[in-house]
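Trainee: A single structure is presented below for examination.
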Amino acid sequence: MEIKDLLRECGFRFEKKFGQNFLTDGNLLSAIVSDAGVTAEDTVVEIGAGAGTLTAKLAGSAGRVIAFEIDENLRKPLAAVLGRFGNVETVFGDVMDFSMEEIENMAGGPYKVVANLPYYITTPVIMKFIEQSRRMTSMTVMVQKEVAERLAAKPATKEYGRITVAADFFGGAVYKRTVPRSMFYPAPNVDSAVVRIDRNKRFDADGELFRKVVKSAFAMRRKILSTCLASGLGMSKEKAAALIEMSGHSPSVRGETLSAEDFAVLTNVIKNNM
Ligand code: SAM
């Protein structure tokens, strides 16, 4: 049965507030699973199972799938679509209400996140996983095209920001494919894109201090980095400027020109001289 007919038969009504734009095209769903590089050895965590179309494709390739879904009204269609798979667990609830420890205990080992993310919580979900996860090896997500461009942006561009640096610190984001709005049911107002972020630690720094430094650097985009750091870390502008110079940059540099590696070096200098 067609997904649209199944949803109608189950009396399902789309909830705009949950970002419910579903995918039904089999080729596109297969392409996302292939973008994520899912194999039979993988445990996959999906955020937002919807009508289970991506979940079913994932279940066909992965060892195990844990699929979160906030909307209880999707229980019936999900049971119909996923009933034939013995390797899928559906967890009903808001993924943001689960601690990383709870999610990682469910996964029980390394896992990949694959999701067509609900638009209204794209950034918090991505930040939660790339900043807090210990065992996530990669994250392949469908997001608004503009967010995908931000994730894969280069320093000193207008798209470059805190989320870019966080993704780059985790390992780096790769823009995989553009997906036109017409591929969704119902169609949203913007085009989307698939992005993959792989864990690949190329440089080290205290994670908590790194996040604080980056957050301060982007808190006031028009100000120079020393002003941002002084305000964000509670130190004098002179001290901030001296630390920036010690990390190899001009004291008048702007935060948006620094790469994740530059921020890691700066974080280490700050840590050693606080
Ligand atoms: N994976 C399906 C697909 O590709 O067709 C659905 C994707 S749809 C863009 C996002 C899904 O996430 C919706 O089913 C929505 O109900 C669910 N969702 C929204 N907020 C959520 C949250 N906080 N936690 C878990 N699921 C959520």
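Trainee: Out of the residues in the range 24-44 that are among the β-branched types (Val, Ile, Thr) and within 11 Å of the ligand (Cβ to nearest atom), state the one that is surrounded by the fewest Cβ atoms within 10 Å (Cβ to Cβ). If you could, list the steps in order and put the result at the bottom.
Mentor: We begin by selecting, within the range 24-44, every residue among the β-branched types (Val, Ile, Thr); these are 24, 32-33, 38-39, 43-44.
Among the residues that remain, those that are also within 11 Å of the ligand (Cβ to nearest atom) are: 24, 32.
Details: Thr24: 16, Ile32: 24.
Among them, the one singled out is Thr24.
Trainee: Same structure, new question: Considering each of Val195, Val213 in turn, give the residue that is in contact with a Leu (Cβ under 8 Å, 6 or more places away or on another chain), buried (at least 20 other Cβ atoms within 10 Å of the Cβ) and outside any helix (DSSP H, G or I).
Mentor: On the way: Val213 fails: outside any helix (DSSP H, G or I).
After applying the criteria, what remains is Val195.
Trainee: I would also like to ask the following. What pairs come out if I take residues in the range 175-186 that are open to solvent by 70 Å² or more (accessible area, probe 1.4 Å) and pair them with residues that are of a type in the set (Gly, Ala, Ser) whose C-beta lies under 6 Å away, six or more apart or interchain?
Mentor: If the second residue must be of a type in the set (Gly, Ala, Ser), the pairs left are Tyr175/Ala148; Tyr175/Ala152; Thr178/Ala193; Arg181/Ala187.
Trainee: Still on this structure: Hey, among the residues in the range 123-162 that are assigned to a helix (DSSP H, G or I) and open to solvent by less than 10 Å² (accessible area, probe 1.4 Å), which one's nearest to Phe263 (Cα to Cα)?
Mentor: Leu151
Trainee: Tell me whether the range 203-218 contains one or more residues that are of a type in the set (Val, Ile, Thr) and under 25 Å from Lys128 (Cβ atoms).
Mentor: yes
Trainee: Can you tell me which condition Lys112 does not meet? The list is (1) open to solvent by less than 10 Å² (accessible area, probe 1.4 Å); (2) assigned to a strand (DSSP E or B); (3) more than 9 Å from the ligand (Cβ to nearest atom); (4) of a type outside the set (Val, Ile, Thr), and all the others hold.
Mentor: The one condition Lys112 does not meet is (1).
Trainee: Still on this structure, I have one more. What's the total number of residues in the range 64-104 that are within 13 Å of the ligand (Cβ to nearest atom), assigned to a helix (DSSP H, G or I) and open to solvent by less than 70 Å² (accessible area, probe 1.4 Å)?
Mentor: Within the range 64-104, residues that are within 13 Å of the ligand (Cβ to nearest atom), assigned to a helix (DSSP H, G or I) and open to solvent by less than 70 Å² (accessible area, probe 1.4 Å) number 8.
Trainee: Among the residues of the range 3-25, count how many are small (Gly, Ala, Ser) and within 26 Å of Ala173 (Cβ to Cβ).
Mentor: 1
The values are calculated or read from the model by the stated rules, or taken from the named source; none is laboratory data. Not measured: the values here are computed from a predicted model. So basically every Cβ, Gly included, is an ideal-geometry build from the backbone, and we count neighbours across all protein chains shown. These accessible areas exclude ligands, DNA and RNA; they are computed on the full protein's heavy atoms, side chains included. Shrake-Rupley method; radii C 1.70, N 1.55, O 1.52, S 1.80 Å.
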